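Remarks on the structure that follows.
Nothing in this text is a laboratory measurement; each read-out follows from the coordinates by a stated rule. All values reported here derive from a predicted model rather than from experimental measurement. Note that each Cβ is placed from the backbone with ideal geometry, even for glycine, and that neighbours are counted across all protein chains shown.
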């Protein structure tokens, strides 16, 4: 299997925008991979100016080492695997349609914004606006699965429409704000104002800090749909799936200040 | 009268064939909190689903499903429904699921057939939720959550439909003892039940009113098969031997022609194994001279 390896030549001084890498690899310029144009501090540079490139372009890409200043890693991916051994900056996996993005470190903001498909796995934590809508777009995530082993920041899933966001740790303030569909699971619990103005969709956690008054307590129920979802996640994600929890949950319907067809499900341990 | 055939283990296998027809077939998985309630739900749904002529669809239970085999991990039952066309099946599915599954405690309903044609399932039933229903996509499939009085009715959006299904595979058991003939028919249905993708839609899988096409009365599409009626042996052009006192038919519908053939093979094997001891003397099959049905299953090729 062909594999392309990228290694930073030095610690970046500017922010490096790699969002054009997927398009560059899809249509290689004359001169090969090293002549793919990326942005450094907003100015075009060649990939080979910033990274030592080895291997051949194919379905697998590996970044040996990362940096908080690497933005747009895996943006626009349609397949294959991209692995980063280290941290990355903002906008990783933006507009991703397929494939697998594996980040062995922490991630900045706007991870998976506009994501449509594929899997993102972050072994560290992620910043604010994970899977959220970006300026000029109607929706946040519309598909795919994002699994973060640590915590996630504020406003995760803002205007999210479909897909799964899983935080093994906690979710920050206002997770699922203005949500239209999809699922956010925070195994460590949600911060305050979870689900603010959500229309549809499901938030699942063992607890919520300061449940909004516009969510109505509907009592404890054994929901068949949770059995179905658990099976779907297990078959789709394997070991990355949310930890099994009892389908008996306490259901809060909301946000009743919007259309109120969303829900927060508190798992019972 | 059929005079040629092969005798195996004391049972004469007529040199004839079953004539079956192309149909459309769909399927559902029904789950519930227990096998008892999944089965209750399936039995209710498949009730009055014997013949497409009078019931709109031919329905039956394909098999029980273990929790590992169902989408939600609960006990389940796979039911199959057959009709003249996908369009004919659409109202049958909507009405039967709406009246018999939606209403049944703890039930959920999922697609059981992948086919080129989609049959609406939750697409229409969701409206029972009166605006409180919500949908959810799991592993690429859409499901509806409809609030009901014991929680939620979960229902897949659509099920599939195949248009190359087969209806009307059949076996005729002829014997000199009605009780023994029924026992053999029961064991034959049990053997066919082990074959996947087929149903035997009549009561207990057995028909005692096999029919011929047409009638002396206007408006009747089918009428008594007098050639196989033992009480008319001397009064009509009978197909029965003198000692025959009972004829029972097993009708088989399947999602594929192969599944129907497999089911007939399994049924014949059961009849040959234990038929003679209980008074079954002969096996035949119903056909219309080969001019009406696209599928012909020759008994001699199945034993």
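The table below lists the values:
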item: FRET efficiency estimate (nearest 0.05) - Cβ-Cβ, residue B:43 to residue A:37, R0 45 angstrom; result: 0.10
item: With Cα atoms, 0 to 90° folded angle of helix B:178-193 axis to chain B main axis; result: 40 degrees
item: Centre separation in Å (Cα based) which lies between region A:178-248 and region B:157-183; result: 47 Å
item: Nitroxide proxy distance, nm - points 7 Å out along Cα→Cβ at residue A:250 and residue B:142; result: 3.4 nm
item: Computed [θ] at 222 nm, deg cm²/dmol, the protein assembly as shown (DSSP H ≥ 4; -39,500 (n - 2.57); rounded to nearest 500); result: -4500 deg cm²/dmol
item: Gain upon complete extension [residue A:123, residue A:7; 0.36 nm per residue less C-alpha separation]; result: 39.8 nm
item: For A:218-225, mean number of other protein chain Cβ atoms within 10 Å; result: 5
item: Rounded Å value of the spacing that divides the Cα centres of region B:259-303 and region B:70-96; result: 27 Å
item: Chain B: C-alpha gyration tensor shape, a/c 1.5 cut-off, then a/b vs b/c; result: prolate
item: Averaged over A:229-237, number of beta-carbon atoms from partner chains that fall within 10 Å; result: 4
item: Approximate spin-label separation residue B:130-residue B:190, in nm, with each point projected 7 Å along Cα-to-Cβ; result: 4.8 nm
item: Gyration tensor (alpha-carbon) shape descriptor, region A:123-253, a/c threshold 1.5; result: rounded
item: Residues residue B:69 and residue B:241, FRET efficiency given R0 of 56 Å [Cβ-Cβ distance, rounded to 0.05]; result: 0.80
item: Beta bridge orientation in region B:24-178: antiparallel %, DSSP, nearest 5; result: 95 percent
item: Rounded tilt (10° steps) of A:224-237 against the dominant C-alpha axis of chain A; result: 20 degrees
item: Sequence-separation-based contact order of chain A, relative, with Cα cut under 8 Å and 6+ spacing, percent; result: 10 percent
item: Two-site label geometry, residue A:239 and residue B:179: point separation in nm, points 7 Å out along Cα→Cβ; result: 6.5 nm
item: Cα centroid of region B:189-242 to Cα centroid of region B:38-57, whole Å; result: 19 Å
item: Degrees separating the helix B:257-274 axis from the principal Cα axis of chain B, which is the longest one; result: 50 degrees
item: Length gained when the stretch residue B:55-residue B:269 is fully extended (0.36 nm per residue, less Cα-Cα span); result: 74.0 nm
item: Chain A: most fluctuating residue of A:64, A:173, A:102 per GNM, C-alpha cutoff 10 Å; result: A:64
item: Peptide B:139-152, shielding by other chains (average Cβ, 10 Å cutoff); result: 3
item: At R0 = 60 Å, FRET efficiency that the Cβ-Cβ distance of residue A:64 and residue B:99 yields, to 0.05; result: 0.45
item: Cα gyration tensor category, rounded, prolate or oblate, for region A:1-103 with a/c compared to 1.5; result: rounded
